[in-house]
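Written out below as C-alpha cells is the structure these notes cover.
The values are calculated or read from the model by the stated rules, or taken from the named source; none is laboratory data. Since the model is a prediction, treat every value here as computed from it, not as a measurement. Note that we place each Cβ from the backbone using ideal geometry, even for glycine, and neighbour counts take in every protein chain shown. In case anyone asks, the SASA skips ligands and DNA or RNA and just uses the protein heavy atoms, side chains included. Shrake-Rupley method; radii C 1.70, N 1.55, O 1.52, S 1.80 Å.
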Amino acid sequence: MKTKIFGKEGISEAAEILKQGGLVAFPTETVYGLGGNGLDKEAAKKIYAAKGRPSDNPLILHVSSIEEVYPLVKALPEKAKKLMEAFWPGPLTLVLPKSDIVPKESTGGLETVALRSPENALTLALIRACGFPIAGPSANLSGRPSPTEAAHVLEDLGGRIEGILEDGAVGIGVESTIVDLSEDSPTLLRPGAITIDDLEEVLGEKVAIDPTLLGKSMTEGFIPKAPGMKYRHYAPKAEMILFKKNLLSDQSQKVNEIPYGEEKKLIAEAILSYGEKEFSVSPERKIWILCGEDTASLYEGDGRFTVKILGRREEPLSMTHNLFRLLRQADEEGAELILGECYSEEGVGFALMNRLKKAAGQRIFYV
C-alpha cells in the first residue's frame, strides 16, 4: 500500500477513503491523528492494527460541531455544554455515556465515548465532508512519541494507511486534555493545554484528578477510560531518566528556604555526574541532555554530551511544542541515553511532566 499525501485540495479524496473504510491521518492543534470512520467497527479494528495498539485503549471521536455530539451520547449534561462552548474547537476531550450507534470497537469496549472538536480548519472540513465522526488516536506506532509533523506519521505508518492530510507542524505538541463527565463529579483523566484551573473556572466546581495521574499504581484488571492511561507512551528508543530535587529529603529545611537557582544547579550537577559515570563505563555511548533554555549554560563545555534545549521554563507550551519532535530526533541521531530535567507541574506544566514521566517509564532520579 502506498500512502498518499494530501493538501487542502485533497479533502474530498481523503473523505472518500474514509467513507470506504480506509484510514487517513489528519492534523490537529495538538498532534496528528490517525483517522477512520468512528461508527464503523471494522475501521476501528484497522486503526488498532495499523498502530499496533491494544484494543482496550479507547479511541477519540472527532466532530466538527456541538450539534454532531447529540446522536453519539445518551444525554448531554449541562457541564459538558459549558465546556464545549468555552473550549471547542480546541484541545479538550470529554468522556460521556455513549449511544447505541457508537460501536464498542471504537470505545475500547466501554459504555462511554471520548469526544472532541479539533481546532484545525482542514480537519474540520474533512469531518464535514465525511458526514460522520472521525475516530482518531495519535498517528504513530503504539508507544512511540506522538507525531507533530506529517513526516513523523509517514515514518511510522507509511505503507500501513491510505493517506495523510498534511498541514505543517502542529502548535501545542501534546495531546488534548481529557475530562470524564460520565459520573456526577468531573475528573481529569489526561492533562493537556487546557488546565485544571481553566476547567474549574468554567464549571464553577472542583475537578478531581484521576489517581493514576498522581503516581498511584493501577489495580489488577484496570480498564482505561481514556487514551494513554494504562500503557507506556511517548517513549523514545533510548533509555531516559529524569532528575528532580527532593525538597523534602531534609525535614529540617522548609521548601521555600531553598533558592530556585540553587535547585537548578544541583540538578545540573547530578545530571553531569550521572553522564560522566555512564561515559566512563562506555565512552562510545551517545548521551543526550534535555534541558531548559535557562539552564543550557550549566552544561556547556562538555563535548561528550549532546545538549538539547526543550524550551523556556517560564513558557511550558514552548516545551510541549518541542518535546515529541526532540524525542524523535533522538531516535534519528541514535541517542542511547537521555538525561532530562523535571519542571514545575503547575498549569500546563502538569501536562508536560505527565508526558516526560511516561517517556521515561516513570524513572526519576531524586537529587
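When each of Thr187, Thr148 is tested for being closer than 18 Å to Gln329 by Cα and of a type outside the set (D, E, K, R), the lone residue that passes is Thr148. For Arg304, the conditions (1) open to solvent by 50 Å² or more (accessible area, probe 1.4 Å); (2) in contact (Cβ under 8 Å) with a residue 40 or more places away in the chain are fulfilled apart from (2).
Only residues that are closer than 15 Å to Glu293 by Cα and of a type outside the set (Asp, Glu) were counted across the range 340-357, and they come to 4. Identify, please: which residue in the range 174-212 is among the small types (Gly, Ala, Ser) and surrounded by fewer than 18 Cβ atoms within 10 Å (Cβ to Cβ) and is, among those, farthest from Thr107 (Cα to Cα)? Per the stated criteria, the residue is Gly204. Of all residue pairs spaced 6 or more apart or on separate chains, those with beta-carbon atoms under 8 Å, a first member in the range 346-359 that is modelled with pLDDT of 95 or more and in a helix (DSSP H, G or I) and a second member that is β-branched (Val, Ile, Thr) and open to solvent by less than 10 Å² (accessible area, probe 1.4 Å) are Ala351/Val174; Ala351/Thr177; Ala351/Thr320; Leu352/Val174; Leu352/Thr320; Arg355/Val174; Arg355/Thr320.
The set of residues in the range 270-292 that are touching a helix residue (DSSP H, G or I) at 6+ places or on another chain (Cβ under 8 Å) and in a helix (DSSP H, G or I) comprises Ile271, Leu272.
So that you can scan it fast, the table gives a plain yes or no per residue for (1) touching a strand residue (DSSP E or B) at 6+ places or on another chain (Cβ under 7 Å); (2) over 30 Å from Arg53 (Cβ atoms); (3) modelled with pLDDT under 95:
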{"site": "Lys237", "(1), (2), (3)": "no, no, yes"}
{"site": "Leu247", "(1), (2), (3)": "no, yes, yes"}
{"site": "Val255", "(1), (2), (3)": "no, yes, yes"}
{"site": "Ala270", "(1), (2), (3)": "yes, yes, no"}
{"site": "Ser280", "(1), (2), (3)": "no, yes, yes"}
{"site": "Pro283", "(1), (2), (3)": "no, yes, yes"}
{"site": "Cys291", "(1), (2), (3)": "yes, yes, no"}
{"site": "Gly303", "(1), (2), (3)": "no, yes, yes"}
{"site": "Ser318", "(1), (2), (3)": "yes, no, no"}
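Only a single item in (1) at pLDDT below 95; (2) in contact with a Pro (Cβ under 9 Å, 6 or more places away or on another chain); (3) surrounded by fewer than 20 Cβ atoms within 10 Å (Cβ to Cβ) is not met by Gly108, and it is number (3).
Results for (1) surrounded by 24 or more Cβ atoms within 10 Å (Cβ to Cβ); (2) at pLDDT 95 or above, shown as yes or no for each residue.
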| residue | (1), (2) |
| --- | --- |
| Gly21 | no, yes |
| Pro27 | yes, yes |
| Ala50 | no, yes |
| Pro58 | yes, no |
| Pro71 | no, yes |
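Residues that are under 26 Å from Ile196 (Cα atoms) and outside any strand (DSSP E or B) do not occur anywhere in the range 329-341. Of the residues making up the range 137-163, just one is touching an Asp or Glu at 6+ places or on another chain (Cβ under 7 Å), surrounded by fewer than 24 Cβ atoms within 10 Å (Cβ to Cβ) and not aliphatic (A, V, I, L, M), namely Arg144. Whether any residue in the range 85-102 is open to solvent by 10 Å² or more (accessible area, probe 1.4 Å), within 20 Å of Gly35 (Cα to Cα) and in contact with a Gly (Cβ under 9 Å, 6 or more places away or on another chain) is what I want to check. Among the residues of the range 85-102, at least one is open to solvent by 10 Å² or more (accessible area, probe 1.4 Å), within 20 Å of Gly35 (Cα to Cα) and in contact with a Gly (Cβ under 9 Å, 6 or more places away or on another chain), which makes the answer yes.
If you go through the range 13-30 and pick out every residue that is in contact with a Leu (Cβ under 7 Å, 6 or more places away or on another chain) and part of a loop (DSSP other than H, G, I, E, B), you end up with 2. Take the conditions (1) under 18 Å from the mean Cα position of the chain (by Cα); (2) assigned to a strand (DSSP E or B); Pro89 misses just one of them, which is (2). Against the test of being of a type in the set (Lys, Arg), under 19 Å from Tyr48 (Cα atoms) and more than 15 Å from the chain's Cα centre (by Cα), the options Arg128, Arg160, Arg144 yield a single qualifying residue, Arg160. Among the strands (runs of 3 or more DSSP E) confined to the range 127-219, the ones with at least 1 residues that are free of Cβ contacts under 8 Å to residues at least 24 places away in the same chain are located at 187-190. The single condition among (1) modelled with pLDDT of 90 or more; (2) of a type in the set (A, V, I, L, M); (3) touching a helix residue (DSSP H, G or I) at 6+ places or on another chain (Cβ under 6 Å) that Leu326 does not satisfy is (3).
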